Amino acid sequence: MSLLPVAEAQERLLSRANSIKAIEKAPLAQASGRVLGLDLKAKLTQPPFDASAMDGYALAAADAPVIGSELTVIGSAAAGHAFEGRLGRGETVRIFTGAPVPDGADTILIQEDAEKIGENRIRTTFDVAPGRHVRPRGQDFAEGETVLQAGTRLDFSGVTVAAAMNHPDLPVYRKPVVAILATGDELVQPGSQPASAQIIASNTFGIAALVRENGGEVVDLGIVPDRQDAIEKAISMARMAGVDVIVTLGGASVGDHDLVQATLLRAGMQLDFWRIAMRPGKPLMVGSLGDTYVLGLPGNPVSSLVCGLLFLEPLVRRLASLPAVDRITTAEAATTLNANDQRQDYVRARLLRSESGALRAEPFGKQDSSMMKTFANADCLIIRPPHAPKLKAGGACPVMLIRPNPFCTQSNT
């Protein structure tokens, strides 16, 4: 099987991926980041009454036709404590922000524009007009009004208005569930004391974080040894759990100790493609087990994370009804980039600002796919297309941002 171009591989994966339309209720406090599955209508009117927008005095504008008009204060109103009664001619009520405007009043004279001339008397020092500093009933929304539409990703503002509409829980699309299976006799969990031929398993945690950051839930199947029966058992557990995606880490190639692909095929996986024309990450595998997507990511940590950004992130976001993340921009090469071969390169680099303010991408000297520290310190991946010619320093090159705004997340010194 020939190497598949990255763009074609992405298109083939996403072309059959449909958003999950199952709806569940999410408590309001846990709804941020979720996507509404139904239109959300207001259960009440907001404000529920004409309310004062300022501290001052509620009165009828007709009772203060000129500056210097005098009125009698007959009571007070505060938020949560309405004035019971109705204003008569020449009367006013001391009022505070958020309080209901009393019957008979149609404007608010702010306290700075009122002069006290007796125990219960004030004189206006500024003109008044009907409706001034009054928040009319229903100004924000009315009962039954659709305020948030299906497909809206809820953020802090959406959650706020949903709460104001008196919704304790919200109808949201179910999160895609991703099972993660790490394979390898050499792997042990963080916190363990590895034997001489063992290493700490790290991929699971980075891939799990990527899934959660993009709207998914994770089922961690743990570390499975390089044995067919153990891999079969883990795959069976994932299928019984009804996960949407199975992600395997390592073992997807066809070496003597790479058992994942063969075991999945025996379990009924339909292999779509594997071996991508990219560096790092060539042994990526994509298939399906019934309605479950299968992604076999490389075992090397950096290869796994790069493939996760290119394939797993867009898949999870498509399933979660979230828009794709646009990570691609253009920068100047800080150093000369050599001509490329037939595989698309993703070169770890720092982003700097030139004196003119332009983005400059400075590649790290070592690009080994096992070097996690370099990936953690990188801001972007310089994309070198297949057969790209030599690029001199200062030339424009496409880059893939690892973080949305690298200048706000880490130092570039």
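The values are calculated or read from the model by the stated rules, or taken from the named source; none is laboratory data. The structure presented is a predicted model; accordingly, all values stated were derived computationally and were not measured. Glycine gets a Cβ as well: all are built from the backbone with ideal geometry, and neighbour counts include every protein chain shown.
Tabulated data
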{"item": "The listed residue being at pLDDT 95 or above and either aromatic (Phe, Trp, Tyr) or on the phi < 0 side of the Ramachandran plot (or both), out of Ala331, Ala358", "result": "Ala331"}
{"item": "Selection count, the range 183-240, where residues are part of a loop (DSSP other than H, G, I, E, B), within 27 Å of Gly268 (Cα to Cα) and not basic (Lys, Arg)", "result": "5"}
{"item": "Where Ser370 falls short, out of the listed (1) among the hydroxyl-bearing types (Ser, Thr, Tyr); (2) in a loop (DSSP other than H, G, I, E, B); (3) farther than 22 Å from Asn203 by Cα", "result": "(3)"}
{"item": "Residue match in the range 293-310 (condition: among the aromatic types (Phe, Trp, Tyr), in a strand (DSSP E or B), touching a helix residue (DSSP H, G or I) at 6+ places or on another chain (Cβ under 6 Å) and touching a residue at least 60 places away in the same chain (Cβ under 8 Å))", "result": "no"}
{"item": "Qualifying residue in the range 348-363 (condition: of a type in the set (Ser, Thr, Tyr), over 30 Å from Thr152 (Cα atoms) and crowded, with 16+ Cβ neighbours inside 10 Å)", "result": "no"}
{"item": "Conditions (1) surrounded by 24 or more Cβ atoms within 10 Å (Cβ to Cβ); (2) farther than 20 Å from Thr374 by Cβ; (3) over 13 Å from the mean Cα position of the chain (by Cα): number failed by Thr330", "result": "(1)"}
{"item": "Leu315 vs. criteria outside any helix (DSSP H, G or I), over 30 Å from Gly357 (Cα atoms), within 29 Å of the chain's Cα centre (by Cα) and at pLDDT 95 or above", "result": "no"}
{"item": "Residue count, the range 111-122 (criterion: crowded, with 16+ Cβ neighbours inside 10 Å and touching an Asp or Glu at 6+ places or on another chain (Cβ under 7 Å))", "result": "1"}
{"item": "Residue pairs meeting the criteria (Cβ under 8 Å; at least 6 apart or on separate chains; first at pLDDT below 95, in the range 149-171; second part of a loop (DSSP other than H, G, I, E, B) and of a type outside the set (A, V, I, L, M, F, W, C))", "result": "none"}
{"item": "Of all residues making up the range 372-392, the number that are farther than 18 Å from Arg403 by Cβ and of a type in the set (A, V, I, L, M)", "result": "2"}
{"item": "Residue ranges of strands (runs of 3 or more DSSP E) in the range 1-98 with at least 3 members hydrophobic (A, V, I, L, M, F, W, C) and over 30 Å from Phe273 (Cα atoms)", "result": "70-77"}
{"item": "Unmet criterion (only one of (1) surrounded by 19 or more Cβ atoms within 10 Å (Cβ to Cβ); (2) in contact with a Leu (Cβ under 9 Å, 6 or more places away or on another chain); (3) in contact (Cβ under 8 Å) with a residue 60 or more places away in the chain) for Pro283", "result": "(3)"}
